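The values are calculated or read from the model by the stated rules, or taken from the named source; none is laboratory data. These numbers come from a predicted model, not from an experiment. Every residue, glycine as well, gets a Cβ built from its backbone with ideal geometry; the counts of neighbours run over all protein chains shown. Heads up: the accessible areas ignore ligands, DNA and RNA and are worked out on the full protein's heavy atoms, side chains in. Shrake-Rupley method; radii C 1.70, N 1.55, O 1.52, S 1.80 Å.
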Amino acid sequence: MPKIPLYNQGAGPTVGVAAGQLSPRASAAAFTAPGKAAMGYQKVFSDIGSVAAEFEMAQQKVEADTLETDLTSQLNEQLTELENEQIDDINVYQQRADEIFTGISDRVNQSERINSRLKSGISNKLASRFSNLSIGGKQNAFGRKLEKQANSAMRGLNTLADQAKKDPSLIGAIESDARLIWQSLEESGSDRLLS
């Protein structure tokens, strides 16, 4: 029968100590398991945070789209009302149109539930829309100014013609005045509006 060494007689299983060490050897898994568990929880919390962030972004996008639609309609309505005023001075039209755009831009900047990237996108789209609409409005104001000038010149020419009929001795002076009126019409481009 084999002999049991004296140092292990009846003591049951024991933990072996490696040569040159003062304590028993433990598995590396015993030390890394808590860290792995913490990383697992961190991933779960990260996933929850990502879902929440995506939901918040989707909500902001809906609010941004709603605001853009509302402000585009408001811009269209206000510039149409301005156009209906039949303004014939380009500078007055531009000043009033700029006031409208400033008010709309302020509403974009004051919206708290939309991030700056979405605000910037809305502002760019509205600025482009404003530019297109205001160019047409300025052209119409210029056209009305030319028409007004042509009508005024026509009244002046008719008055000069009546004076020439009443007093033929004034024809030289009347002819000179008529040439000045016509030159002014040609320089502004209003002459093409007269028959």
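So here's what we get for this one:
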quantity	calculated
Qualifying position, being within 22 Å of Gln139 (Cβ to Cβ), open to solvent by 60 Å² or more (accessible area, probe 1.4 Å) and under 18 Å from the mean Cα position of the chain (by Cα), among Glu99, Glu63, Glu81	Glu99
Selection within the stretch 174-195 - assigned to a helix (DSSP H, G or I) and open to solvent by 60 Å² or more (accessible area, probe 1.4 Å)	Glu175, Asp177, Arg179, Leu180, Trp182, Gln183, Glu186, Glu187, Arg192, Leu193
Cβ-Cβ under 7 Å pairs, at least 6 apart or on other chains, the stretch 52-74 side closer than 18 Å to Ser120 by Cα, far side open to solvent by 60 Å² or more (accessible area, probe 1.4 Å) and modelled with pLDDT of 90 or more	Glu68/Lys125; Leu71/Arg107; Thr72/Arg129
Residues satisfying the stated conditions in the stretch 150-183, i.e. modelled with pLDDT of 85 or more and under 27 Å from Glu83 (Cα atoms)	Arg155
Residue check for Asp88: at pLDDT below 90, of a type outside the set (S, T, N, Q) and closer than 17 Å to Asn140 by Cβ	yes
Number of the exception - Arg113 against (1) within 30 Å of Glu54 (Cα to Cα); (2) in a helix (DSSP H, G or I); (3) not hydrophobic (A, V, I, L, M, F, W, C)	(2)
